[in-house]
There are 2 protein chains.
Amino acid sequence: MKALSGNIMNRGIEIEELESHVGEMVKVHGSIYKVRKMKGFSFVLLRTKREVMQCIAEEVLELPAEESTVILTAKVVEEPRSKKGYELHIQGIEVLSEPSEASPIVINQKLVDTSIENMLDYRMVTLRNQKQRAIFKLQEGICQGFRSFLQSQNFTEIHTPKLVQTGAEGGANIFALNYFGQQAYLAQSPQFYKQMMVGVFERVYEIGPVFRAEKHDTSRHLNEYTSVDFEMGFIRSFEEIMEMETGMLKYTMNYLKEYYGEELALLNVKLPVIEEIPVITFYEAKELVSKEYNRPITDMEDFEPEEEKLLYECIYKKTGSEFVFVTHYPSSKRPFYAMETPGNAEVTDSFDLLFRGLEITTGGQRIHSYEEQVEKMHRREMTVELFESYLMMHKYGMPPHGGMGLGLERFTAKLLGYENVRYATLFPRDIHRLTP
Amino acid sequence: MKALSGNIMNRGIEIEELESHVGEMVKVHGSIYKVRKMKGFSFVLLRTKREVMQCIAEEVLELPAEESTVILTAKVVEEPRSKKGYELHIQGIEVLSEPSEASPIVINQKLVDTSIENMLDYRMVTLRNQKQRAIFKLQEGICQGFRSFLQSQNFTEIHTPKLVQTGAEGGANIFALNYFGQQAYLAQSPQFYKQMMVGVFERVYEIGPVFRAEKHDTSRHLNEYTSVDFEMGFIRSFEEIMEMETGMLKYTMNYLKEYYGEELALLNVKLPVIEEIPVITFYEAKELVSKEYNRPITDMEDFEPEEEKLLYECIYKKTGSEFVFVTHYPSSKRPFYAMETPGNAEVTDSFDLLFRGLEITTGGQRIHSYEEQVEKMHRREMTVELFESYLMMHKYGMPPHGGMGLGLERFTAKLLGYENVRYATLFPRDIHRLTP
């Protein structure tokens with residue numbers, strides 16, 4: 001009987017090792033990204049897993065169409081004018097596949113020069129552009145950084161259900177479906193489940209999809225996005241959650257610098273320097289913006305997007321920080337599980353984190369006492385029975401706890417300087433878009 | 001203005017460091033897991049993030065109810081009879097919270113002695129049992145092991161949409177919902193998207209939820225589960241995918257041994273020894289089982305669960321392997337994107353991986369040529385237009401590629417020796433269960 005030992009087959013030298021093979025013949029595989037014919041030879045750019053390699057082909061060599069996939073036999077030749085310090089002189093080409101047609105969108109220029117609609121309609125092709133794909137390599141780096149930090153802080157990774165019987169965030173912004181004859185919903189957040197798991201592991205996190213049936217059609221809303229959630233028990237105050245997030249962000253910026261330098265350079269990313277993140281209360285923030293920009297306050301319960309931008313401008317001028325924590329949001333604007341600030345039930349021990357003028361995180365301390373939670377639900381005229389299974393954790397004992405959720409795509413977009421979150425979303429879902 | 005620096009607050013000595021503080025006073029927090037009254041003193045078990053600590057309380061100390069959350073002031077005292085080599089002598093107790101009621105299910109014995117229905121109805125409590133939660137700590141370890149291996153092999157992590165317009169696996173086993181007036185579905189797998197991303201990054205992976213509207217009510221079916229998916233380009237044959245999976249499994253078993261030793265011991269897990277994984281074709285397997293057990297073959301196109309168990313028994317006897325790859329499944333049983341075996345269109349370059357008699361993985365090579373894919377769809381009388389966006393990747397050039405999907409809960413269950421996959425599912429979803 002045949003058997004496999006799991007020794008990963010070596011199909012030649014990996015791109016990453018080419019440097020140490022200058023002067024030698026190698027085999028490398030990839031896609032023909034771009035051919036530029038010169039006098040007597042061609043420049044051939046080969047797209048590999050993470051790089052685009054410069055190769056030279058003599059005129060006699062027949063070159064396959066762009067986006068063909070190939071295995072090249074080539075000599076590694078020192079070339080000081082190349083970014084890598086060497087280039088590949090192609091000796092032979094084995095063609096593995098050829099496209100049926102050329103893409104209607106040009107993808108091998110520096111920029112993909114088309115509308116965002118086209119960009120997204122042809123996502124499977126436009127992502128092949130060197131800069132476009134670098135966005136999502138960096139997004140991977142952000143996730144790896146977050147995870148690596150949270151694991152170091154003894155958080156446990158969990159996988160919670162997305163099909164649920166009760167929405168955590170309330171309201172009408174929830175997708176419903178028929179689940180074997182009963183009504184089910186798509187989870188708006190892992191809120192209830194991560195809280196339950198605090199009773200089990202004390203500290204938990206999840207990076208996964210969440211669903212919001214919001215009808216907003218803006219540059220910052222998605223109907224499905226990737227939420228980075230953590231929740232921690234035995235906190236003394238909700239500031240510990242903000243400290244944890246600050247630590248996570250600092251760590252991740254350093255992680256990107258260390259492991260994703262090429263993509264940062266390619267996209268010309270200016271990483272924020274995080275020394276300290278300023279903290280301001282919601283009402284202070286409202287007043288600050290009102291005073292500094294001489295704007296009347298029209299809504300004392302929420303920020304307008306414009307106010308968030310002005311707040312950023314103002315905080316940045318005063319402190320140099322591109323982040324700001326806004327705390328103590330009005331109780332009326334926070335969900336039923338939010339803990340009210342001791343001594344002032346009008347506000348909550350909660351926060352948002354704004355980054356470059358955009359809300360990227362919502363967090364706070366949760367009510368852990370059963371009686372207190374039930375009392376607040378009564379006050380809000382909620383049907384307590386609908387939440388019976390959620391409330392069991394309170395009934396049978398919970399530590400003081402809280403946590404936060406961060407929108408991965410929003411954070412990526414702001415980090416890379418995109419105004420539209422769709423540029424940082426692999427396959428966006430919005431009110432008009434369900435494909436590809 | 002106030003500011004936070006992200007220096008994680010130190011609230012005393014971490015449990016992991018207690019060993020080096022023998023003879024000293026420490027502060028530790030956790031939940032009162034169990035109190036056992038003795039003559040003149042009590043044994044108090046404190047449940048922390050990952051451990052259960054043995055503590056001693058003098059009779060004069062008033063002890064809060066089980067499942068209260070506390071901060072203990074205690075002296076670390078050498079005690080050779082304790083598993084850790086020391087125990088904690090409690091000097092003071094600060095109570096942070098107390099339960100409203102005692103859990104109706106006893107959770108602090110070695111086993112949670114109740115029906116699986118009760119176990120799941122009270123999931124947020126029963127998971128607090130030391131052994132129950134260890135299952136999901138190990139599940140975390142499996143994910144970390146998989147990721148760590150795949151990153152080392154230059155796979156890129158992706159996040160693909162779960163709201164889709166077309167199902168990848170076909171058939172009626174798909175959840176439908178109204179998406180702003182149009183019909184949407186919940187993704188049965190990330191199949192289409194991971195293939196598209198092979199054209200971008202060559203190697204990609206995702207660990208995320210998938211949804212199957214199957215009406216099966218068995219011990220091995222879930223309607224939502226966590227799928228570990230990878231997809232790789234530039235393969236020479238589909239054996240490379242099996243090699244990669246073998247490597248991943250080997251790596252992960254070692255990873256568990258290294259980082260999750262306590263949970264393995266607690267649950268008495270016998271990890272499989274993976275030297276080589278035998279490979280057998282579907283028809284050979286059918287014949288082998290038929291011959292060895294003198295069973296007539298009734299279905300030449302699929303395995304019955306019983307046959308999978310017998311195949312395992314037989315392979316284990318012959319080779320000592322608890323895994324077996326079964327290859328070349330009939331084309332009729334594989335999806336439209338499966339590559340047919342060169343020279344025999346009746347079968348496909350595909351495989352399942354069986355572990356201890358249960359299918360945990362389905363994988364194979366995919367068609368990469370546009371013409372070949374369209375031709376096969378015509379042969380199957382499919383409406384090609386419905387797949388226009390999927391087919392764009394083929395049209396504009398794709399390398400030979402393939403991949404696999406592994407059911408995280410099934411794998412965990414089999415690894416830990418549970419016959420019912422629900423024991424290894426945090427919050428299971430089945431035809432009867434949508435809560436908690």
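So in region B:298-340, with the set limited to residues that are assigned to a strand (DSSP E or B) and surrounded by fewer than 20 Cβ atoms within 10 Å (Cβ to Cβ), which one is farthest from the chain's Cα centre (by Cα)? Only one residue fits best here, namely B:E340. Among all residues of region A:318-336, there is none that is in contact with a helix residue (DSSP H, G or I) (Cβ under 8 Å, 6 or more places away or on another chain), aromatic (F, W, Y) and at pLDDT below 95. Checking each residue in region A:365-385 for being among the polar types (S, T, N, Q) and in a loop (DSSP other than H, G, I, E, B) picks out A:S369, A:T383. Among the residues of region A:182-235, the ones that are under 18 Å from B:R133 (Cα atoms) and among the polar types (S, T, N, Q) come to 1 in all.
For A:M232, indicate whether it is buried (at least 23 other Cβ atoms within 10 Å of the Cβ), within 8 Å of chain B (Cβ to nearest Cβ) and aliphatic (A, V, I, L, M). Spell out the reasoning first.
Working: buried (at least 23 other Cβ atoms within 10 Å of the Cβ): yes; within 8 Å of chain B (Cβ to nearest Cβ): no; aliphatic (A, V, I, L, M): yes.
In short, no.
Identify all residues within region B:200-248 that are on the phi > 0 side of the Ramachandran plot and acidic (D, E); write none if there are none. Spell out the reasoning first.
First, the residues of region B:200-248 that are on the phi > 0 side of the Ramachandran plot: B:202, B:234.
If the condition is that a residue be on the phi > 0 side of the Ramachandran plot and acidic (D, E), then B:E202 is the only one that fits.
Go over the candidates A:Y316, A:Y329, A:Y312 one by one and state the one that is within 21 Å of A:E231 (Cα to Cα) and not β-branched (V, I, T).
Values: A:Y316 fails: within 21 Å of A:E231 (Cα to Cα); A:Y312 fails: within 21 Å of A:E231 (Cα to Cα).
Just one listed residue meets the conditions, A:Y329.
So how many residues does region A:284-297 have that are in a helix (DSSP H, G or I), away from chain B (no Cβ under 12 Å) and surrounded by fewer than 17 Cβ atoms within 10 Å (Cβ to Cβ)? Explain how you work it out, then say what you get.
Here is the first cut: in region A:284-297, the ones in a helix (DSSP H, G or I) are A:284-293.
When the remaining residues are screened for being away from chain B (no Cβ under 12 Å), the result is A:286-287, A:289-293.
Imposing the further condition that a residue be surrounded by fewer than 17 Cβ atoms within 10 Å (Cβ to Cβ) reduces the set to A:287, A:290-293.
So the count comes out to 5.
Only one of the numbered conditions (1) farther than 19 Å from B:M393 by Cα; (2) surrounded by 14 or more Cβ atoms within 10 Å (Cβ to Cβ) is not met by A:K131, and that is (1).
Which of the residues belonging to region B:386-402 are facing chain A (nearest Cβ under 7 Å), more than 32 Å from the chain's Cα centre (by Cα) and of a type in the set (A, V, I, L, M, F, W, C)? Within region B:386-402, just B:M392 meets the criteria. Considering only residues of region B:28-55 that are among the basic types (K, R) and within 11 Å of chain A (Cβ to nearest Cβ), which is nearest to A:F238 (Cα to Cα)? Among them, the one singled out is B:K49.
The sole residue among A:Y193, A:Y86 that is in contact (Cβ under 8 Å) with a residue 12 or more places away in the chain, closer than 27 Å to B:C143 by Cβ and of a type outside the set (G, A, S) is A:Y193. Taken over region A:135-164, residues that are under 26 Å from A:K215 (Cβ atoms), free of Cβ contacts under 8 Å to residues at least 40 places away in the same chain and either more than 8 Å from chain B (Cβ to nearest Cβ) or of a type outside the set (A, V, I, L, M) (or both) amount to 1.
Of the residues making up region A:360-390, those that are of a type outside the set (S, T, Y) and buried (at least 18 other Cβ atoms within 10 Å of the Cβ) are A:I360, A:G363, A:G364, A:Q365, A:R366, A:I367, A:H368, A:Q373, A:V374, A:K376, A:M377, A:F387. No other residue among B:V125, B:V106, B:V164 is over 18 Å from the mean Cα position of the chain (by Cα), of a type outside the set (G, A, S), crowded, with 21+ Cβ neighbours inside 10 Å and closer than 30 Å to B:R36 by Cβ apart from B:V125.
Checking each residue in region B:135-161 for being part of a loop (DSSP other than H, G, I, E, B) and buried (at least 21 other Cβ atoms within 10 Å of the Cβ) picks out B:F155, B:I158, B:H159, B:T160, B:P161. The residue that is nearest to A:F146 (Cα to Cα), among those in region A:192-223 that are facing chain B (nearest Cβ under 7 Å) and more than 18 Å from the chain's Cα centre (by Cα), is A:R203.
Taking region A:163-219 as the region of interest, how many residues are of a type outside the set (A, V, I, L, M, F, W, C) and in a loop (DSSP other than H, G, I, E, B)?
Narrowing region A:163-219 to residues of a type outside the set (A, V, I, L, M, F, W, C): A:165-167, A:169-171, A:173, A:178-179, A:181-183, A:185, A:188-191, A:193-195, A:199, A:202-203, A:205-206, A:208-209, A:212, A:214-219.
Keeping just the survivors that are in a loop (DSSP other than H, G, I, E, B) gives A:165-167, A:169-171, A:173, A:181, A:188-190, A:202, A:212, A:214-219.
Qualifying residue count for the region: 19.
Could you look through region A:76-100, keep only residues that are facing chain B (nearest Cβ under 9 Å) and part of a loop (DSSP other than H, G, I, E, B), and pick out the one that is surrounded by the most Cβ atoms within 10 Å (Cβ to Cβ)? If you could, list the steps in order and put the result at the bottom.
Here is the first cut: in region A:76-100, the ones facing chain B (nearest Cβ under 9 Å) are A:96-100.
Applying the additional criterion that residues be part of a loop (DSSP other than H, G, I, E, B) yields A:98-100.
Values: A:E98: 16, A:P99: 23, A:S100: 15.
This residue is A:P99.
Answer yes or no as to whether A:L256 is touching a helix residue (DSSP H, G or I) at 6+ places or on another chain (Cβ under 9 Å) and closer than 28 Å to A:G402 by Cβ. Can you show your working first?
On the way: touching a helix residue (DSSP H, G or I) at 6+ places or on another chain (Cβ under 9 Å): yes; closer than 28 Å to A:G402 by Cβ: yes.
Judged against the criteria, A:L256 is a match.
Pick from region A:31-75 the residues that are assigned to a loop (DSSP other than H, G, I, E, B) and acidic (D, E): which of them is surrounded by the fewest Cβ atoms within 10 Å (Cβ to Cβ)? Even if it seems obvious, please write down each step before you answer.
Initially, region A:31-75 is screened for residues assigned to a loop (DSSP other than H, G, I, E, B), giving A:38-40, A:48-51, A:59-68.
Then drop every residue that is not acidic (D, E), which leaves A:51, A:59, A:62, A:66-67.
Numbers: A:E51: 17, A:E59: 12, A:E62: 8, A:E66: 22, A:E67: 25.
Here the residue is A:E62.
In region A:101-134, how many residues are away from every other protein chain (no Cβ under 11 Å) and not in a loop (DSSP other than H, G, I, E, B)? The total comes to 5.
For region B:259-282, residues that are surrounded by fewer than 19 Cβ atoms within 10 Å (Cβ to Cβ), in a helix (DSSP H, G or I) and within 14 Å of another protein chain (Cβ to nearest Cβ) total 2. Is region B:398-415 home to any residue that is surrounded by fewer than 23 Cβ atoms within 10 Å (Cβ to Cβ) and of a type in the set (D, E)? No. Applying the criterion of being of a type in the set (A, V, I, L, M, F, W, C) and touching a helix residue (DSSP H, G or I) at 6+ places or on another chain (Cβ under 7 Å) to the residues of region B:388-407, the residue that is farthest from A:P436 (Cα to Cα) is B:M404.
From A:V421, A:V374, grab the single residue that is of a type in the set (V, I, T) and away from chain B (no Cβ under 13 Å). Walk me through how you get there before you give the answer.
Values: A:V374 fails: away from chain B (no Cβ under 13 Å).
After ruling out the rest, the residue left standing is A:V421.
Checking the conditions here, which among A:E308, A:E322 is closer than 25 Å to B:G6 by Cα and more than 14 Å from every other protein chain (Cβ to nearest Cβ)?
On the way: A:E322 fails: more than 14 Å from every other protein chain (Cβ to nearest Cβ).
Step by step, each of A:E308, A:E322 is checked, and only A:E308 is closer than 25 Å to B:G6 by Cα and more than 14 Å from every other protein chain (Cβ to nearest Cβ).
The values are calculated or read from the model by the stated rules, or taken from the named source; none is laboratory data. Keep in mind the model is a prediction, meaning the values are calculated, not measured. Note that each Cβ is placed from the backbone with ideal geometry, even for glycine, and that neighbours are counted across all protein chains shown.
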